[in-house]
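Here is the structure we will look at, set down as structure tokens.
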Amino acid sequence: MLFPPPSCRRLVVKVGSALLVDNDGSVRRSWLAGLAADIAARAVEGQQIAVVSSGAIALGARRLGLPKGGRASLEDAQAAAAVGQIALSQVWAELLGASGLTAAQMLVTLGDLEDRRRYLNAAATLDRLLALGTVPVLNENDSVATEEIRFGDNDRLAARVAQAAGAGGVVLLSDVDGLYDRNPAQPGANHIGRVERIDSVIEAMADRGSSSGMGSGGMVSKIAAARIANAAGASLAIASGRVDHPLAADARHTLFVAERAAPARKAWLAGGLTAAGAIHVDAGAASALRAGASLLAAGAIRVEGRFARGDLVTIEGPVGTIARGLAEYDAADAARLVGRRSDEQATLLGYAPRAALVHRNHMALL
């Protein structure tokens with residue numbers, strides 16, 4: 001495919017399990033060697049590429065003889081990942097090495113990219129590896145992740161990696177060639193080649209299924225990844241990897257076009273996948289937030305969750321999530337202030353109130 005062009009300084013390529021691993025659990029080495037050659041060709045032209053690679057669980061399940069591709073239970077998935085990750089890293093190192101490139105491995109958890117300090121550390125490591133000319137190969141550390149603390153799919157991980165790396169483009173190589181206006185298996189389904197803005201109409205087109213049965217992400221996760229990438233200023237393409245040399249082929253794909261990038265901290269806030277709680281607001285407050293205002297207590301109608309000051313919370317409007325931001329109050333004090341005017345707050349709290357429940361400088365609109 002021709003997106004993004006080699007002039008894009010940094011690129012993140014995500015490879016799905018169905019592309020890496022055949023139904024019998026063996027690595028599709030010939031196809032992967034072609035992709036490694038594509039990466040090498042772009043490296044010669046000056047492009048720095050990081051790879052987010054699925055496949056560890058599928059490979060490990062074959063070696064351990066586990067049912068359901070290693071996904072029968074969390075324990076099976078963790079064991080399969082521990083065995084399969086070694087094999088996966090070996091294959092990438094060998095094939096990239098054959099193309100003259102040095103592979104580096106980074107295993108990350110959800111917390112590594114959700115906690116601000118750990119995120120900055122991961123970003124610094126990634127930046128140095130790319131500057132040194134290596135090809136970082138990243139995956140979620142499935143051998144220690146639990147259902148409650150995991151990305152759950154590598155689509156969104158790839159978008160977060162792009163954000164951390166300062167990449168201008170993301171390519172999700174998958175078993176589908178992009179977004180359709182309905183399930184592509186249905187008669188009359190139309191391919192969507194370009195998306196300028198992700199709205200409710202685009203989200204309604206998503207199909208949750210993964211046709212291979214090996215992966216964990218369907219179209220819903222890919223659109224979520226596009227939203228994260230676009231917020232960080234990176235365009236994202238969903239493309240079929242069912243072609244040889246997928247980064248060189250002029251293949252059909254769906255391009256989600258990035259608008260102007262948000263400041264780094266706000267992009268990190270917007271791309272977060274976890275939140276300690278939520279503040280629900282009325283329609284007036286929702287309109288004010290979209291116009292650039294901070295969230296004042298008078299516009300809040302309900303608080304949920306247990307959060308401390310500085311924790312990440314979502315702001316929920318009448319028709320869905322409006323923003324993500326850092327709470328200026330803990331959940332108990334925020335609940336006391338719900339719906340209250342500024343001149344009432346000092347009496348309610350017993351101390352001088354802060355200007356907002358969530359300040360606009362610590363908030364990212366979605």
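The values are calculated or read from the model by the stated rules, or taken from the named source; none is laboratory data. Here the structure is a predicted model, which means the values were calculated and not measured. These accessible areas exclude ligands, DNA and RNA; they are computed on the full protein's heavy atoms, side chains included. Shrake-Rupley method; radii C 1.70, N 1.55, O 1.52, S 1.80 Å.
Per residue, the average separation of C-alpha pairs within less than 8 Å and at least 6 apart gives region 55-177 a relative contact order of 22 percent.
Rounded to the nearest 5, the antiparallel percentage of DSSP beta bridges internal to region 5-261 is 20%. Between ASP142, ASP282, ASP76, the residue with the greatest mean-square fluctuation in the GNM of the chain (Cα pairs under 10 Å linked by springs) is ASP282. Normalised by the number of residues in region 266-365, the average gap of Cα pairs under 8 Å and 6 or more apart makes the relative contact order 34 percent. Here the Karplus relation 6.51 cos²θ - 1.76 cosθ + 1.60, evaluated at θ = phi - 60°, turns the backbone of region 164-170 into coupling constants of 5, 7, x, 7, x, x, 10 Hz, with x for every Gly and Pro. Across LEU269, LEU88, LEU120, mean-square fluctuation computed from a Gaussian network of the chain (C-alpha pairs under 10 Å connected) peaks at LEU120.
In order along region 279-287, phi translates into HN-Hα couplings of 10, 8, 10, 8, 5, x, 5, 4, 5 Hz, rounded to whole numbers, per the Karplus curve 6.51 cos²θ - 1.76 cosθ + 1.60 with θ = phi - 60° and x for Gly and Pro. Here the chain exposes an accessible surface that is 50 percent carbon and sulfur, computed with a 1.4 Å probe and the other protein chains kept in place. Each 5 Å bin from 0 upward holds the following percent of the Cα-Cα pairs of region 266-365: 3, 15, 29, 27, 19, 6, 2, 0.
Under a Gaussian network description of the chain, with springs only between Cα atoms under 10 Å, the residue in ALA231, ALA93, ALA270 that fluctuates furthest is ALA93. With contributions of -39500 (n - 2.57) from each DSSP H run of at least four residues, the per-residue ellipticity at 222 nm computed over the chain stands at -11000 deg cm²/dmol.
Each residue of region 73-84 was assigned a 3J(HN,Hα) from its phi angle through the Karplus curve 6.51 cos²θ - 1.76 cosθ + 1.60 (θ = phi - 60°); the sequence is 8, 4, 5, 4, 4, 5, 5, 4, 5, 4, 6, x Hz, with glycine and proline shown as x. Under 5 Å between amide hydrogens, built in the peptide plane, is the criterion, and for ASN141 it picks out VAL108, THR109 among residues at least 5 positions away or on other chains. Shape analysis of region 99-162 based on the Cα gyration tensor places the equivalent ellipsoid semi-axes at 22, 14, 9 Å, largest first. Both the radius of gyration and Dmax for region 5-261 are 17.0, 49 Å, in that order, over alpha-carbon atoms. Taking amide H atoms as placed 1.01 Å from N in the peptide plane, the amide H of LEU366 lies under 5 Å from those of ALA323, ARG324, each 5 or more residues away in sequence or on another chain.
Between amide H atoms placed 1.01 Å from N, distances below 5 Å from VAL13 occur with ALA50, VAL51, VAL52, VAL171, all of them 5 or more places distant or on a separate chain.
Region 1-96 gives an Rg/Rh value of 1.05, both radii derived from C-alpha positions and Rh following Kirkwood.
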